[in-house]
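J.: Provided herewith is a single structure, encoded as structure tokens, for subsequent inquiry.
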């Protein structure tokens, strides 16, 4: 392995982590915006979509170039292949941050915001899952993701609970239907974000140990 | 390993005088599969491949213990005939080494030495072997030209065709592409893929990507020891030994 190859691989990991930090920041801010009914912050999150895509393409291209130039094997191959899949998850997380932000913007324009209740709890739990999956990837350490399956099951359970709750509220107060219908969409985003955390955990486990595990 | 084992190396040791070059090697070789031997220079992979057709007999002071069972018979046993063995276990070397004869004669030579005299039969063997070596279309109109007029890649395929002419079961290849350009190399790799339908191929290579492309099984050797042997996909995706990982990822030294 040449010094150039080694430093190229290290830089790719740093860039992938930077992308992850950026994308998770978008999600965190969109959940904060939702909790505080802060439409300005939601707007700020939406503004970051173009930069997210730009960073994603740059990292993806550097990975393609590394694969073509060095044809890595063993742990180097696992690192680049796992990272390539993980950055798709990061991009998706950022995009869902954007989607949540966009939903908040729409709500404030047409319906106003109602008490999000348990949705915030789900959002915080999902965010913690994603942050732990990110830490595992960044530190190449599977310890923070050992109980990811259990945590995802809890998210799935909460998703159904929140869904039932929102439907009940819709039935009770028809005027809130436009708002609550969008809460259902956010509920669905959060459930899928839990899957993104599991995908990152699966790929990080493969990267670190070579084992293919199925979390979801 | 759930395969038809054509050759079974058991506890093989080899000394060149006082130099203990191979240490207690145990390695099964599957029939109609490609097995790669990889490792840094001096690790013993060429020494090992030369044991398979007793080429080391020609080295003075060479001593071998342990056994290499070929169809259950020890090839170093008192009843083994090295000439017959080398007919069944052919070898292709690093540098193409055609005889300074015509293309036709390069292939006909072996069968003729082994008693084939009939011209039609020799013609049939020459054409068949050139087809199998993916060379027929390129040389069919100049079979009586000198083999030395061929390009390096064509010469190497001619050497493979020459090996096939005596109807072997195992083909040993010691860095067969190291003197070839990428196009000739890809033709040899395609040929190896075709050959394994009928033959067992054992290849020594310094190219990690070539080993991962062409072989079903890979053995990693280091300082005369067999460090790890397994399915090529496992060796290159998730090797069990750190030494293997360090070598194939280029972290040696």
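J.: So which residues in the stretch B:151-175 are in a loop (DSSP other than H, G, I, E, B), out of contact with any helix residue (DSSP H, G or I) (no Cβ under 6 Å at 6 or more places or on another chain) and either in contact (Cβ under 8 Å) with a residue 40 or more places away in the chain or within 23 Å of residue B:32 (Cα to Cα) (or both)?
T.: The initial filter retains those residues of the stretch B:151-175 that are in a loop (DSSP other than H, G, I, E, B), namely B:151, B:165-169, B:175.
Retained after the next criterion (residues that are out of contact with any helix residue (DSSP H, G or I) (no Cβ under 6 Å at 6 or more places or on another chain)): B:151, B:167, B:175.
Once the filter is applied, which keeps residues that are in a loop (DSSP other than H, G, I, E, B), out of contact with any helix residue (DSSP H, G or I) (no Cβ under 6 Å at 6 or more places or on another chain) and either in contact (Cβ under 8 Å) with a residue 40 or more places away in the chain or within 23 Å of residue B:32 (Cα to Cα) (or both), the stretch B:151-175 yields B:167, B:175.
J.: Would you check which residues across the stretch A:132-151 are touching a residue at least 24 places away in the same chain (Cβ under 8 Å) and either exposed (fewer than 14 other Cβ atoms within 10 Å of the Cβ) or not in a helix (DSSP H, G or I) (or both) and list them?
T.: Step one: of the stretch A:132-151, the residues touching a residue at least 24 places away in the same chain (Cβ under 8 Å) are A:132-134, A:136-138, A:140-142, A:145, A:148-149, A:151.
Selection gives A:140, A:141, A:142.
J.: Restricting to the stretch A:20-79, name every residue that is surrounded by 17 or more Cβ atoms within 10 Å (Cβ to Cβ) and within 14 Å of another protein chain (Cβ to nearest Cβ).
T.: A:66, A:70, A:72, A:73, A:74, A:75, A:76, A:77, A:78, A:79 - these are the residues of the stretch A:20-79 that are surrounded by 17 or more Cβ atoms within 10 Å (Cβ to Cβ) and within 14 Å of another protein chain (Cβ to nearest Cβ).
J.: Here's a check for you: in the stretch B:207-249, which residue that is within 14 Å of chain A (Cβ to nearest Cβ), touching a residue at least 24 places away in the same chain (Cβ under 8 Å) and assigned to a loop (DSSP other than H, G, I, E, B) is nearest to residue B:95 (Cα to Cα)?
T.: That would be B:207.
J.: Another question, then. Restricting to the stretch A:10-52, what's the tally of residues that are in a helix (DSSP H, G or I) and more than 23 Å from residue A:129 (Cα to Cα)?
T.: 10
J.: Does residue A:122 meet the test of being within 14 Å of chain B (Cβ to nearest Cβ), crowded, with 19+ Cβ neighbours inside 10 Å and assigned to a helix (DSSP H, G or I)?
T.: On the way: within 14 Å of chain B (Cβ to nearest Cβ): no; crowded, with 19+ Cβ neighbours inside 10 Å: yes; assigned to a helix (DSSP H, G or I): yes.
Here the answer is no, as residue A:122 does not meet what is asked.
J.: Examine the stretch A:152-162 for a residue that is out of contact with any helix residue (DSSP H, G or I) (no Cβ under 9 Å at 6 or more places or on another chain), closer than 18 Å to residue A:14 by Cα and in a helix (DSSP H, G or I), and state whether such a residue exists.
T.: Within the stretch A:152-162, not a single residue is out of contact with any helix residue (DSSP H, G or I) (no Cβ under 9 Å at 6 or more places or on another chain), closer than 18 Å to residue A:14 by Cα and in a helix (DSSP H, G or I).
J.: Cβ-Cβ under 7 Å, sequence separation 6+ or interchain: first residue in the stretch A:7-31 and in contact (Cβ under 8 Å) with a residue 12 or more places away in the chain, partner outside any helix (DSSP H, G or I). Which pairs?
T.: Close Cβ pairs (under 7 Å, with a partner that is outside any helix (DSSP H, G or I)) amount to A:26/A:48.
Laboratory data are not the source of any read-out in this text; all were calculated from the coordinates shown. Just so you know, these numbers come straight off a predicted model, no measurement behind them. Glycine gets a Cβ as well: all are built from the backbone with ideal geometry, and neighbour counts include every protein chain shown.
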